[in-house]
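Structure first, commentary second.
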Amino acid sequence: MHMPNLIFSPSVYAVIYWASFYLWFILEVVGSLTQRRRIRRQEATRVDQGSYVLLLVSLWISLGVGFVLPYLVPAANLTGNPPLLVTMGALLILLGLGFRWYAIRSLGRYFTRDVAVSANQQVVQSGPYRLIRHPSYTGTLITAIGVGLGICNWLSLVAVLAGFLAGHLYRVGVEERALSATIGPPYRDYMKHTKRFIPFIF
């Protein structure tokens, strides 16, 4: 019988990891409920094309698979220094969470959970938007790396990151087409000198 991974065992590292995970989870749920309940811009047109639902589905499937894989494929468990990996995972969860909410605040009234655009919308290029077009998603992806790393199974890390990326890439495509069509040349020019998630790289 294989020993459970550190985050599934009674330890201070498990407490740190799960506290970070549930902080992220609770803030996302609260943000989703409060931000979707009210329309911040009455003139905004919703053009989501199912991307929000797909994002949630890919997220939860990847998390479920990631948490089960240590038991299904224990040979992929990372055994070098689990306490360090779990601690790094928790720190990345919090770093991603902080960066995501910094991006949301920088975008201000233009941030939506559903893809929604308006004719008078401006291209925000302040804060993290100077270098990347979707910093709130970058924050979520950093959190995903932290979640996967803390599981201490390399297949879990791949599964969680792949699921998050799949949902976000579809979402980004929907957003960019909508913003290009609505805002026009200013947004297309902005796309030419910025990357999607990682400055100067991707």
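The values are calculated or read from the model by the stated rules, or taken from the named source; none is laboratory data. The structure displayed is predicted, hence computed values, not measured ones. All Cβ positions, glycine included, derive from the backbone under ideal geometry; neighbour counts span all protein chains shown.
Residues that are surrounded by 21 or more Cβ atoms within 10 Å (Cβ to Cβ), aromatic (Phe, Trp, Tyr) and in contact (Cβ under 8 Å) with a residue 60 or more places away in the chain are absent from the range 140-161.
Applying the condition of being part of a loop (DSSP other than H, G, I, E, B), surrounded by 14 or more Cβ atoms within 10 Å (Cβ to Cβ) and of a type outside the set (Gly, Ala, Ser) to the range 5-46 and asking which residue is modelled with the highest pLDDT yields Asn5.
The residue pairs whose first member lies in the range 55-73 and is at pLDDT below 95, whose second member is basic (Lys, Arg), and whose beta carbons are closer than 7 Å, counting only pairs six or more residues apart or on different chains, are Leu55/Arg171. For Phe197, the requirement of being buried (at least 19 other Cβ atoms within 10 Å of the Cβ), within 19 Å of the chain's Cα centre (by Cα) and touching a residue at least 60 places away in the same chain (Cβ under 8 Å) is met. Within the range 110-127, one or more residues are in contact with a Leu (Cβ under 7 Å, 6 or more places away or on another chain) and either over 17 Å from Tyr22 (Cβ atoms) or buried (at least 18 other Cβ atoms within 10 Å of the Cβ) (or both).
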